Every structure is written in C-alpha cells, then in structure tokens.
Amino acid sequence: MIDNVGNYSRAAAGQVRFSDVSVIYGENRNGKSTLCDIFYSLSLNDPQLILDRKSIIPNQDAAQVQQRVELKFEGQRQAVRFTNSAWDSHPPEDTKLYIFDHGFIHRNVMTGATYNRENSTNMSGFILGENAAQFEALEARNQQLRTDRRTLTGYKTQLEAHEIGDFDTFIALPTPTRTLNELDADIQTSKDVQQALTTQIANVTQVTQRTNLENIANQQSIDDKTQNINNCLALSMENVHEASKEIVTAHKAHITNNVSFDGWAAKGLTHLDEDCPFCGQTLSHDAQSLIESYRTAFDDAFQRFVTTTKATVARLQAESLFNASLDTFAQKHERNLATLDSYTEDAVKDQLEERGYAHQLREKYEHIEHSLQEANESLAETADTVRAALIEKHDAPYNPIAPIDFSVLHSKLMRFNACLAEYAALTTAANEVLIGFKEAQDATALLDRKRQEAQNELEITKQRKRLHLDADCTRYIDLKTQVEAEKVRYDADKIALEQAQEVFLDTYFNEINTLFRAIGSSDFNISRKVNRGGARTVYDLEVRFKGQLINNSKLHCLFSESDRRALALCIFLAKIHQLSNEDKSKTILVMDDPVTSFDNERISNILRILFALKPSIKQMLITTHYKGMASAVMKKFNEAQALKIIQTAQGSSFTQTSKAEMTATAHDERYMEIMDFVNRHTQDNKITKLRPFIEDEMRQRYRLPLVALNLTENDTFNDCIEALRDSGHIEAAVATSLHDYRTTLNLPAHELDLWTLEDSRSYAEGMMNFIYHDL
C-alpha cells in the first residue's frame with residue numbers, strides 16, 4: 001500500500017503477488033519513478049527520498065499529510081512500513097535491493113550533459129561497494145606445502161632405486177593398459193624378432209638376387225590392320241578423267257560381259273596402231289575418238305593404281321591379324337608360380353599366402369586360356385572372310401569391295417586383353433610385396449631395424465617397470481599434483497589479497513565492455529583512470545570511440561540519451577554479475593525503464609542479458625512507460641506477472657493485467673473494446689472503432705492473396721475488396737457486405753455520433769457476426 005507519496009493515494013495492489021519477474025506498466029506521470037524511489041529509499045534506509053515526494057493535497061497543510069508505505073516480503077510475517085517519516089524495519093536478511101532508475105544514470109554516469117568528479121565518486125563507490133575482503137592464514141598453508149615437498153623427495157628416492165632412468169620421463173609415462181603377463185610376452189616377441197633379423201642379415205645377398213614376377217604378354221591390337229584391310233578394299237578407279245570415263249562407260253554398257261571390260265580394254269590399248277588390232281582395217285574418225293577415250297581412261301596412272309593395289313593386297317595376305325602363343329604364356333606363368341614358391345621367408349611368405357597371389361594367378365591364367373581360345377576361333381572365321389575379299393580385290397583392283405565387319409573379333413580380343421591386364425595387375429601387386437621385402441633386406445636397414453627393436457624391448461621393459469611401480473608412481477603424482485595446485489592457489493590468493501582492488505576493477509570493466517558490446521555499442525571501449533585530485537582516490541571513466549580517446553568534457557557530444565542509459569545499465573548489471581552466487585540469490589532488481597522507448601534495437605539484447613541473469617537472482621521488477629518494452633518482457637519471460645499503474649479520481653493506483661493485454665496489438669485492443677461494447681460491459685460508444693477494425697481484419701485474413709495481387713497498405717479498402725472478388729477469393733455477396741460496411745462507416749464522425757447507443761451496438765454486433773461467420 002502507498003499513501004500520500006507522489007500521485008499515490010491509498011493505492012494498494014490487493015492480493016497480487018509479484019512473481020520472479022514482474023512488469024509494472026504505467027504511462028509517464030502515473031508514478032513509476034515514485035515507486036522506484038520508494039524502493040531506493042528502503043534499500044538505503046533514507047526517508048528523505050520519500051519525504052521529498054510528499055503528495056500535495058488541496059486545502060490541507062503539508063504537515064498534516066501523513067505518508068505511509070507498506071511492503072511485504074516473502075517469508076516475512078510483518079510488512080516493512082514507512083510511517084512517521086521513517087522506515088520501521090529493514091528488508092529480510094536474505095534480500096538485497098538494487099535499484100536502476102534515472103537517478104542512477106545522473107549519479108553514476110552523467111549529471112544532465114556533464115561528467116564531473118561527483119559522478120566518478122558515485123560510480124567508484126557503487127562499483128567497489130564494501131571492501132570486506134579478509135586475509136586467510138597463508139602461513140599454515142605454506143607450512144603444509146613444505147611438509148608435502150619433503151614427502152615427495154622421499155617418494156622419489158624410493159622409485160629411483162629401481163633403475164628407472166630419467167625420473168621425470170619415467171613418472172610422466174601413462175599407466176600401461178596391458179597386464180604384466182602381456183608385457184612379458186611382448187618382451188619375448190621382441191627378442192624373437194631380433195633373432196630373426198640376425199638370421200635375415202646373413203642371407204641378404206641370396207634374397208636380393210631373386211627374380212620378380214614377369215608379365216606373360218602385351219596387349220593385342222588389330223585396329224591398324226583391320227583399318228588397312230578395309231581401306232584397301234575400298235580403293236576404286238576414281239582418278240580417271242571424267243569425260244573419258246563417261247564415253248567409256250557408255251560404250252561399256254553395250255558390252256555383253258562388262259564386268260571384265262576394264263581389264264581387257266586396258267590391255268587392248270597396248271596393241272593399238274593406225275588400224276584395228278583385231279581385224280586390221282583402217283580406223284574411222286569416230287573409232288579413233290573412242291580409242292583416244294580409252295587411252296585417257298586407262299593411262300599410266302591407272303596402271304600404277306592396279307600395280308600398287310595388288311602389291312597392297314599381297315602384303316595384307318601375308319600378314320596375320322594377331323598371333324598369341326599359348327605355350328609361351330604357359331612357360332611364363334609356370335615361372336611366375338615357381339618364383340612365388342622361392343620366397344620361403346615367413347615375413348614375405350605370410351603376406352603372399354594371406355593375399356592368395358598364387359591362387360589368383362592360376363585363376364587369371366585360366367581366364368586367359370579361355371579368352372584366347374574364343375579369340376582364335378573368331379580369328380579363324382574372320383581370316384577366311386578377309387582371305388576371300390583380298391583375292392577378289394586382287395583379281396579386280398579397280399572395283400571397290402564392301403568393308404569387313406571385325407566387331408566380333410574385336411570384342412573377343414578386348415576380353416582377352418582384359419584378362420591379360422588382370423593378370424598383369426596381379427603380378428604388379430605381388431612384385432610390390434616382393435620388392436618391398438627385398439628392399440627391407442638391405443643390411444643397413446636391417447641393422448637399423450634390429451637396433452630399433454632392441455630399443456623397443458627397452459621401452460616395453462620400462463613399461464613393465466612402470467606398471468609394477470604404478471601404486472608408488474600414482475602416490476607421487478597425486479601428491480605432486482596436489483602440491484602444484486595448492487602452490488598455484490596459494491600464490492594466486494596472495495596476489496589477489498594484495499591487489500584485490502585492481503583485479504576486481506579489471507574484471508568489472510571487462511564485464512562492462514562485454515555487456516556494452518552485447519547491447520549494440522561495439523565501437524566503444526570503456527576503461528578507468530585513477531583520479532587522485534580530491535580527498536580520496538576515485539576512478540574516472542575513460543571512453544574510447546573507434547579507438548580514439550574522448551575528452552570527458554565532450555562525452556555529452558558523443559553519448560546519445562540511449563547510450564547514456566545503456567552504459568549506466570551496463571555498469572549496474574556488471575555489479576550484479578560480480579556478486580557471489582550467495583549474494584545473487586538474495587538480489588532483487590528494481591529497474592525503471594532499463595531501455596529508452598525509442599531504442600527498440602536494444603530491447604531484445606538487454607532482455608537476453610536479463611533472461612540469462614534471472615535464474616541466479618531472487619526477483620526482478622521492471623517498470624516501464626513503454627508498451628513495447630512491457631510486451632517484450634512478457635513474451636521473453638513466460639512466468640512474468642503484470643501490473644498497470646492507472647489514474648483514478650483519487651490518484652495513481654495499481655490494477656492487475658494479463659499477458660494477453662500487455663502483448664496485445666492495436667488490432668487486438670480494438671477487438672476487446674468492440675466486444676466489451678457488444679456485450680454491454682461498457683457504455684462508451686465504439687462506433688468509430690468499427691471501420692478500421694473491419695479493414696484490418698480483411699487485410700489480415702487475405703494477406704497472401706493481396707500480396708499475390710500486388711496490393712499493399714497504400715491501396716484503398718475499396719480496391720482490395722474489388723480485387724479479391726474479381727480473383728475469386730471472396731464471393732460477390734461477401735464483397736457486397738464489405739462495401740456496405742465500408743460506405744456506411746465512412747460517414748463523418750459527427751454523423752456517426754448521432755446514432756443511438758443501441759443502434760451502434762446492434763450494428764457492431766452484426767458486423768462482428770459477419771466477420772467471424774461469413775468473411
């Protein structure tokens with residue numbers, strides 16, 4: 001209850017219980033700042049803050065105005081009361097109030113537009129708080145450290161008696177995961193390896209001279225030969241003179257046996273003189289012309305063509321498409337198997353047997369035999385075809401012959417080549433093993449391996465000692481770790497006690513910068529500098545903006561109102577963050593407008609910080625005149641409680657509100673006002689609320705179609721209705737009703753005010769039924 005403080009007159013929150021997070025919303029001049037001053041007065045036990053806000057009551061002397069405040073804390077049977085110009089008690093011992101308000105900004109950051117020494121004094125006092133740091137009994141801890149070091153020396157002497165080599169290296173070894181028996185077996189294995197290497201070194205020359213596997217055949221190709229054959233078959237008498245060729249061709253058409261005409265005609269030209277070589281009569285002019293055509297057609301070039309073509313045919317007849325000897329393959333294959341058998345050393349034999357190279361080679365060779373047989377069968381058939389074609393070409397070299405199809409033979413040969421490639425790949429893989437084995441037979445390398453194995457035996461032996469002495473090592477390590485950790489803590493505590501203030505301030509200002517950047521002021525860097533100019537040392541703010549140091553007399557030019565409030569809030573929250581967990585659990589934060597109403601961009605950032613802080617503190621009260629801030633708090637903190645400070649005829653008072661009301665949009669508020677009017681909960685005529693409500697409702701309902709129709713908020717209600725109807729999104733009857741409400745409610749306000757209350761209510765009820773049943 002608050003009475004006669006500021007605008008409050010017997011204002012009570014009734015049975016409302018503040019939750020862990022509570023929002024108190026009130027417009028300016030309704031009493032937010034007064035409420036925060038009440039809490040600040042209680043936190044300092046300073047009655048003057050309340051006395052300065054004594055209510056002014058007309059016709060009543062100020063001395064007669066009695067102020068009264070009652071605040072009830074959880075777990076406390078009696079309320080804390082302000083009566084007779086003083087607080088009668090204090091908050092519970094498990095409660096500590098921290099107040100952030102406009103006064104905090106003026107006290108600790110800037111007084112108006114000025115930064116002065118008083119601001120530095122207040123800020124230093126707020127940051128440092130009560131220097132209640134106490135020294136501990138460091139000497140007792142130091143004595144225990146000396147005793148532990150002597151014990152460590154005794155442990156070390158006991159371990160070194162086991163000939164462990166370098167102590168620090170041995171003690172740092174991890175505890176082996178293998179058992180003593182397993183390590184003993186590893187030691188024996190290492191000895192066996194060393195013995196085998198000794199024998200192997202003696203046989204190096206014999207091993208390195210052994211042969212590798214050989215490739216049994218190269219890839220076979222018939223592409224060039226088949227191309228040459230088909231090129232030869234395609235040759236024809238295309239180079240003869242075209243005019244002569246036409247005459248000879250016409251004459252040839254009258255010859256009964258025109259197939260061999262070209263041949264005997266060419267021979268006949270060699271016997272030609274002034275008369276016919278067949279009958280002896282003198283040749284006429286026409287005959288001489290025909291014979292000249294014969295000469296042209298069967299000139300020397302033709303003779304050379306015939307000769308060359310027959311030579312080519314003869315050469316091709318003498319060639320074989322391919323020749324693969326299975327006997328040669330078999331000999332090479334048997335040599336390869338014998339080569340594998342010659343490697344009897346376990347190191348390489350195990351690898352060869354494990355990978356099954358001998359078995360795979362036999363299998364691949366069988367594939368070679370089978371594919372070669374198929375290829376030879378196809379070759380025999382193809383060779384007959386080639387032989388016949390070449391004979392035909394030899395007999396009539398001037399006639400082209402259709403090309404031979406070698407695809408079947410080519411396919412068989414490709415399969416044969418694939419089998420050869422698979423066999424070759426196996427020999428390559430096996431040779432890698434053989435070569436690797438032989439390279440490892442290098443005497444120098446083998447000696448190095450033997451030395452390495454001897455070193456490996458020593459390492460295993462050391463691991464065995466480490467496992468055998470594990471209990472003693474663990475005892476030493478645990479005590480040494482304890483001593484080192486305690487020494488670090490001892491030194492840190494000593495320095496901390498000597499320089500606690502500086503370290504605390506470093507941490508504090510780092511936290512200020514972290515928070516300041518987190519809420520959007522990344523270009524600033526806030527630090528401190530010692531000011532010894534007064535009666536006592538204080539700390540001034542030192543501000544850099546984008547790396548440039550700013551004179552404190554110019555801070556009002558740099559900081560906006562939003563920046564000042566944000567910086568003050570960061571100084572305030574950094575204090576809370578520096579509290580111990582125990583002190584945080586006692587903390588109640590009272591914050592009046594932690595963000596300015598025009599600083600929407602910082603609201604979410606600040607609320608994230610407060611949300612992270614909430615679980616560690618006792619309670620949080622946020623007062624604000626900005627509806628957006630109240631709404632954001634209610635959305636961020638699901639369990640938040642909400643109150644409103646309202647003005648009544650008697651003055652400011654409290655009323656409980658809901659999350660829905662605090663987070664309601666302007667459209668939601670119109671809906672509640674209209675429904676209250678329809679349901680007769682209010683007698684205020686809401687006829688003027690109907691026109692914007694139905695338009696907003698329509699735009700919200702049909703947002704996607706309107707966007708698709710390229711209609712925006714700038715387009716009229718009429719245009720939107722018409723477009724929705726024309727595109728089929730609403731029926732014509734619905735469009736007609738919308739137009740009816742639009743035109744009716746577009747009447748001037750003074751004409752709508754002439755409607756009776758019941759006419760307006762009935763009309764509103766009909767419109768709401770239309771919206772939620774027909775629209």
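Considered as a group, the residues in the range 302-322 that are in a helix (DSSP H, G or I) and either of a type in the set (Ser, Thr, Tyr) or within 60 Å of the chain's Cα centre (by Cα) (or both) include one that is farthest from Lys225 (Cα to Cα), and that residue is Thr307. Taken over the range 22-45, the residue count meeting the criterion of being free of Cβ contacts under 8 Å to residues at least 60 places away in the same chain and either in contact with a His (Cβ under 6 Å, 6 or more places away or on another chain) or more than 30 Å from Ala660 (Cα to Cα) (or both) is 5. Criterion applied to Leu361, Leu352, Leu340, Leu326 was being within 30 Å of Ala389 (Cα to Cα), touching a residue at least 24 places away in the same chain (Cβ under 8 Å) and among the aliphatic types (A, V, I, L, M), and the one residue passing it is Leu326.
Restricting attention to the range 201-224, does a residue exist that is outside any loop (DSSP other than H, G, I, E, B), modelled with pLDDT of 85 or more, touching a Pro at 6+ places or on another chain (Cβ under 9 Å) and within 30 Å of Ala421 (Cα to Cα)?
So in the range 201-224, the residues outside any loop (DSSP other than H, G, I, E, B) come out as 201-202, 204-208, 223-224.
Add one more test, that the residue is modelled with pLDDT of 85 or more, and what stays is 223-224.
Cutting the leftovers down to touching a Pro at 6+ places or on another chain (Cβ under 9 Å) gives us none.
The answer is no; no qualifying residue exists.
Taken over the range 392-401, the criterion of being in contact with a helix residue (DSSP H, G or I) (Cβ under 8 Å, 6 or more places away or on another chain) and in a helix (DSSP H, G or I) is satisfied by Lys393, His394. When the range 144-163 is filtered for residues that are at pLDDT 85 or above and part of a loop (DSSP other than H, G, I, E, B), only Ala161 remains.
Scanning the range 749-760 for residues that are part of a helix (DSSP H, G or I) and farther than 11 Å from Leu690 by Cβ gives Ala749, His750, Glu751, Leu757, Glu758, Asp759. With respect to (1) touching a strand residue (DSSP E or B) at 6+ places or on another chain (Cβ under 9 Å); (2) farther than 27 Å from Thr655 by Cα; (3) buried (at least 18 other Cβ atoms within 10 Å of the Cβ), the lone exception for Ile609 is condition (1). When Lys364 is tested against (1) among the charged types (D, E, K, R); (2) surrounded by fewer than 17 Cβ atoms within 10 Å (Cβ to Cβ); (3) at pLDDT 85 or above, only condition (2) is not met. All of (1) farther than 26 Å from Thr309 by Cα; (2) of a type in the set (Gly, Ala, Ser); (3) surrounded by 13 or more Cβ atoms within 10 Å (Cβ to Cβ) hold for Ala383 with one exception: (1).
Name the single residue, out of those in the range 503-546 being surrounded by fewer than 17 Cβ atoms within 10 Å (Cβ to Cβ), basic (Lys, Arg) and under 20 Å from Asn122 (Cα atoms), that is modelled with the highest pLDDT. Out of the qualifying residues, it is Lys529. Among the residues of the range 642-680, those that are more than 14 Å from Asn30 (Cα to Cα), crowded, with 20+ Cβ neighbours inside 10 Å and in contact with a strand residue (DSSP E or B) (Cβ under 8 Å, 6 or more places away or on another chain) comprise Ala642, Met662. Does at least one position in the range 226-239 carry a residue that is free of Cβ contacts under 8 Å to residues at least 12 places away in the same chain, surrounded by fewer than 14 Cβ atoms within 10 Å (Cβ to Cβ) and not in a helix (DSSP H, G or I)? Yes: the range 226-239 contains one or more residues that are free of Cβ contacts under 8 Å to residues at least 12 places away in the same chain, surrounded by fewer than 14 Cβ atoms within 10 Å (Cβ to Cβ) and not in a helix (DSSP H, G or I).
Tell me, which residue of the range 164-176 that is without any contact (Cβ under 8 Å) to a residue 24 or more places away in the chain and part of a helix (DSSP H, G or I) is surrounded by the most Cβ atoms within 10 Å (Cβ to Cβ)? Spell out how you get there, then give the answer.
So in the range 164-176, the residues without any contact (Cβ under 8 Å) to a residue 24 or more places away in the chain come out as 166-169, 172, 174.
Within this subset, residues satisfying the condition of being part of a helix (DSSP H, G or I) are 167-169, 172.
On the way: Phe167: 13, Asp168: 8, Thr169: 10, Ala172: 11.
Per the stated criteria, the residue is Phe167.
One residue stands out among those in the range 177-188 that are charged (D, E, K, R) and in a helix (DSSP H, G or I): the one that is nearest to Asn456 (Cα to Cα), which is Asp186.
Condition check ((1) within 19 Å of Ile105 (Cα to Cα); (2) among the basic types (Lys, Arg)) across all residues:
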position	(1), (2)
Gly547	no, no
Ser553	yes, no
Leu567	yes, no
Ala574	yes, no
Asn581	no, no
Lys584	no, yes
Asn600	no, no
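The requirement of being over 16 Å from Phe18 (Cα atoms) and within 43 Å of the chain's Cα centre (by Cα) is satisfied by Ala664. In the range 383-407, the residues that are of a type in the set (D, E, K, R) reach residues that are part of a helix (DSSP H, G or I) with C-beta atoms within less than 6 angstrom, at least six apart or across chains, in these pairs: Lys393/Leu233; Lys393/Val313. Pairs linking a residue in the range 503-515 that is more than 11 Å from Leu573 (Cβ to Cβ) and in a helix (DSSP H, G or I) to a residue that is at pLDDT below 85 and of a type in the set (D, E, K, R), with Cβ atoms under 6 Å and 6 or more positions apart or on different chains, do not occur.
Taking the conditions (1) closer than 29 Å to Asn230 by Cβ; (2) in a helix (DSSP H, G or I); (3) free of Cβ contacts under 8 Å to residues at least 60 places away in the same chain; (4) in contact with a helix residue (DSSP H, G or I) (Cβ under 9 Å, 6 or more places away or on another chain) in turn, Ala380 satisfies each one other than (4).
Quick one: is Leu549 at pLDDT 90 or above and buried (at least 18 other Cβ atoms within 10 Å of the Cβ)? The answer is no for Leu549.
The values are calculated or read from the model by the stated rules, or taken from the named source; none is laboratory data. Since we're looking at a predicted model, the values are computed, not measured. We place every Cβ from the backbone using ideal geometry, glycine too, and count neighbours over all the protein chains shown.
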